[in-house]
1. Which of the residues that make up region 97-137 are more than 8 Å from the ligand (Cβ to nearest atom), open to solvent by 40 Å² or more (accessible area, probe 1.4 Å) and part of a loop (DSSP other than H, G, I, E, B)?
2. Determine the pairs where a residue that is closer than 15 Å to ASN278 by Cβ, located within region 252-263, has a partner that is surrounded by 14 or more Cβ atoms within 10 Å (Cβ to Cβ) and among the aromatic types (Phe, Trp, Tyr) with Cβ atoms under 6 Å apart, the partner being 6 or more residues away or on another chain.
3. If you go through region 470-486, how many residues are of a type in the set (Val, Ile, Thr) and farther than 18 Å from THR169 by Cβ?
4. Examine region 147-159 for a residue that is farther than 23 Å from PHE183 by Cβ and either open to solvent by less than 50 Å² (accessible area, probe 1.4 Å) or not hydroxyl-bearing (Ser, Thr, Tyr) (or both), and state whether such a residue exists.
5. Please name all residue pairs, on different chains or six or more residues apart, with Cβ atoms under 7 Å, provided the first residue is in region 114-138 and is over 22 Å from TYR247 (Cα atoms) and the second residue is outside any loop (DSSP other than H, G, I, E, B) and open to solvent by less than 10 Å² (accessible area, probe 1.4 Å).
6. Restricting region 349-388 to residues that are surrounded by fewer than 22 Cβ atoms within 10 Å (Cβ to Cβ) and of a type in the set (Val, Ile, Thr), which is nearest to the ligand (Cβ to nearest atom)?
Amino acid sequence: MASSGGGQGGGSTTTSAAAKAVPGSYGLPLVGAVRDRLDFYYFQGQDKYFESRIQRYGSTVVRINVPPGPFMARDPRVVAVLDAKSFPVLFDMDKVEKKDLFTGTYMPSTALTGGYRVCSYLDPSEPTHAKVKQMLLSLLLSRKDHVVPAFRSNFGALLDAVDADVAKTGKADFNTLNDATAFDFVGEAYFGVRPSATDLGTGGPNKAAKWLLWQLHPLVTLGLTPFIEEPLLHTFHLPPFLVKGDYKSLFAYFSAAAKQAIDIGEGLGLSRDEACHNLLFASTFNSYGGLKVFFPSLLGSVGGAGQKLHERLAAEIRGAVAEAGGEVTLAALEKMELAKSVVWEALRLDPPVKFQYGHAKKDLEIASHDAVFQVRKGEMLFGYQPCATKDARVFGATAGDFVPDRFLGNEGSKLLQYVYWSNGRETDSPSVHNKQCPGKNFVVLVGRLLLVELFLRYDTFTTEVGTELLGTSVNFTSVTKATSGPGS
Ligand code: HEM
């Protein structure tokens, strides 16, 4: 079933004489792919890599190679969809198959996931997909009342640490604090048990980060010279046995803490073992990995927007909390329109998961703003999300800027259909029939909760922003404590 896209661009299957061949080039076998990989990591960087090819071929639908290429991926050749109109073809389950391509043209060994192909690698046509996805949707629903208190206690403690670090050294490293806190928060919100309070201790986030690196190393650069990184990260898979012990410790936490969630999975027809490996993956890769990237990006954008925005957010948040009798309730959060717009804008401007893939299920026609292109059955389609969600034909001259008010009001809400961070339109819903992120509402909720925690405590703050392995790095450089509380 299509999640979206068919009606508003993204391709059709009726053949038309006007349909063109997709422009672009893969270069010479092997050499072309290696050359492009060097462009992608070292000579141009991600954004330039795609933008320069749009310019070169005068089209937002182009044939290109994507990393990692040889010898990690059998075939690096893709048809890239790089604007807001063509991108949604990737959401349409009638048109694309999403089997084994969560990480792209290569797939990490299933030895890293207990021998199972976990949900993110399953196509909705595979019966296990519906069972696992339903387990996750049911889990999130059943824990909905636990999210706010778990968030407030964990991230309240994080901001206590920020206050202390800023007072002592004039700086607080948000990423390091966020890594430890987000891991505990996810465990407490989903299963009622903080990982750091179990035998896993405080080592969980490092074990998780190492396990993530074993899956994502083909796609990252550590900023070292290509002579070291190419053979080490981009040519061969790191051997799974080197991370086996870390995974075993993580699994022990999940099998003990997640008993009720595993019961849900068993009730849906999964074995307890497969349910637990899936819960580990969804909590650690999808949820923890997602927040590890998203929260620094959100904080960096809001920090950089300055005091005027901070005053407006503080007024809105404190007003809604006061109206709810001083409590942070789900109803109060719904009234925070500016906070919601800010979270969507951060997800639009810097989508935490930037690459999406799908194999054409049949011969297709894909429409960009300017032309219609033919694609053959079996070809790999690829989307680089920032090109689609910063499309100036949709978002205008400010497409590349952080505009906090962008989604406010009637006109603003019409733009939500072009926010794609969850692998679907923001106006659509995840289901067992599509591949849209089941954490969609949870992510927008916790983004708002981060703003609430910040602006109940501070009138304003300043940050400095850089880059790190998976995205943004951000330090607090000053904080100004709130001079008024909710309602005052
Ligand atoms: C799928 C993004 C948080 C669970 C996806 C996909 C994206 C995404 C882009 C589609 C990948 C693809 O098929 O190409 C994000 C981001 C997050 C986040 C940016 C946080 C900032 C979460 C959370 C959960 C979750 C909190 C918790 C349940 C999943 C699962 C899938 C998925 C299980 C596979 C869905 C399916 O097979 O139908 N996510 N996600 N994600 N996400 Fe998330």
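1. Answer for region 97-137, where residues must be more than 8 Å from the ligand (Cβ to nearest atom), open to solvent by 40 Å² or more (accessible area, probe 1.4 Å) and part of a loop (DSSP other than H, G, I, E, B): LYS99, ASP100, MET107, SER109, GLY115, TYR116, ARG117, SER125.
2. ALA257/PHE191; ALA258/PHE191
3. Looking only at that region, the number is 2.
4. no
5. Close Cβ pairs satisfying both conditions: ASP123/HIS129.
6. So the residue we want is VAL353.
The values are calculated or read from the model by the stated rules, or taken from the named source; none is laboratory data. Just so it is clear, the model here is predicted, and its values are computed rather than measured. Here Cβ is always computed from backbone atoms with ideal geometry, including for glycine, and neighbour counts include all displayed protein chains. Ligands, DNA and RNA are stripped out before the accessible areas are found, and what is left, the full protein with its side chains, is counted by its heavy atoms. Shrake-Rupley method; radii C 1.70, N 1.55, O 1.52, S 1.80 Å.
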